[in-house]
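Since the structure comes first, as structure tokens, the remarks are kept for the end.
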Amino acid sequence: MSTNSFVSATRLFMRQRNADVDPHSIRERIGAVREEYPELEVGLHLHDSRGLGAACVFAALEMGVRHFDSSIGGLGGCPFARVKNHSAAGNICTEDMVHLCHELGIETGIDLDALIDAAQLAEDIVGRPLMGRVMHSGSLSEYRAAKQ
């Protein structure tokens with residue numbers, strides 16, 4: 001290996017720090033990375049600590065991000081991490097994010113109904129309400145079909 005050899009990254013996954021993100025900061029951070037490293041794909045790991053998870057995903061989608069960490073029902077996160085006596089919320093809910101993508105016309109290849117079923121099963125298994133919104137209220141396509 002020559003002294004000029006190096007490993008080049010193709011994707012950078014960014015994570016939020018202490019739930020301090022909002023759509024504006026997402027755009028700023030992604031923009032800064034893209035300006036410095038335009039060849040990198042950007043991915044995000046977000047939590048829904050302050051109810052801005054979907055808005056942050058939307059902002060990232062507008063910036064061209066297509067890779068996200070998420071979990072069914074928002075399971076995960078860091079409940080023992082405390083910020084002013086509040087525990088950190090779980091991860092972005094996969095089913096809510098997939099629903100958002102489908103409503104924006106972004107095809108994911110994921111069967112949303114099956115994903116909602118999986119989230120409801122996860123809720124039954126853990127024995128407590130999970131934070132997913134679509135798993136509780138249904139998708140907009142389900143709502144539209146019921147109105148007809």
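The values are calculated or read from the model by the stated rules, or taken from the named source; none is laboratory data. Only a predicted model underlies this, so the values are computations on that prediction, with no experimental measurement involved. Every residue, glycine among them, receives a Cβ derived from its backbone with ideal geometry; neighbour counts consider all protein chains shown.
Would the range 124-134 turn up any residue that is in contact with a His (Cβ under 7 Å, 6 or more places away or on another chain), closer than 24 Å to V65 by Cβ and either at pLDDT below 95 or not hydrophobic (A, V, I, L, M, F, W, C) (or both)?
Pass one, the range 124-134, residues in contact with a His (Cβ under 7 Å, 6 or more places away or on another chain): 134.
From the residues that got through so far, the ones that are closer than 24 Å to V65 by Cβ too are 134.
Narrowing further to those that are either at pLDDT below 95 or not hydrophobic (A, V, I, L, M, F, W, C) (or both): none.
Among the residues of the range 124-134, not one is in contact with a His (Cβ under 7 Å, 6 or more places away or on another chain), closer than 24 Å to V65 by Cβ and either at pLDDT below 95 or not hydrophobic (A, V, I, L, M, F, W, C) (or both), which makes the answer no.
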*What number goes with the only condition from (1) over 12 Å from the mean Cα position of the chain (by Cα); (2) hydrophobic (A, V, I, L, M, F, W, C); (3) at pLDDT below 95; (4) closer than 22 Å to L130 by Cα that I110 does not pass?*
(3)
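Residues of the range 96-109 being touching a residue at least 12 places away in the same chain (Cβ under 8 Å) and farther than 19 Å from D48 by Cβ, which ones? I'd like the intermediate steps shown before the answer.
From the range 96-109, those touching a residue at least 12 places away in the same chain (Cβ under 8 Å) are 96-104, 106; that's our starting set.
I106, the sole residue that qualifies.
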*asked:* Any residue in the range 119-133 that is assigned to a helix (DSSP H, G or I) sitting within a Cβ distance under 9 Å of a residue that is at pLDDT 90 or above and among the charged types (D, E, K, R)? List the pairs, counting only those 6 or more apart or interchain.
replied: A119/E95
*the range 49-63: number of residues that are under 12 Å from the mean Cα position of the chain (by Cα) and either at pLDDT 95 or above or assigned to a helix (DSSP H, G or I) (or both)*: 9
*Identity of the residue in the range 71-106, at pLDDT 95 or above and in a loop (DSSP other than H, G, I, E, B), that ends up surrounded by the fewest Cβ atoms within 10 Å (Cβ to Cβ)*: G105
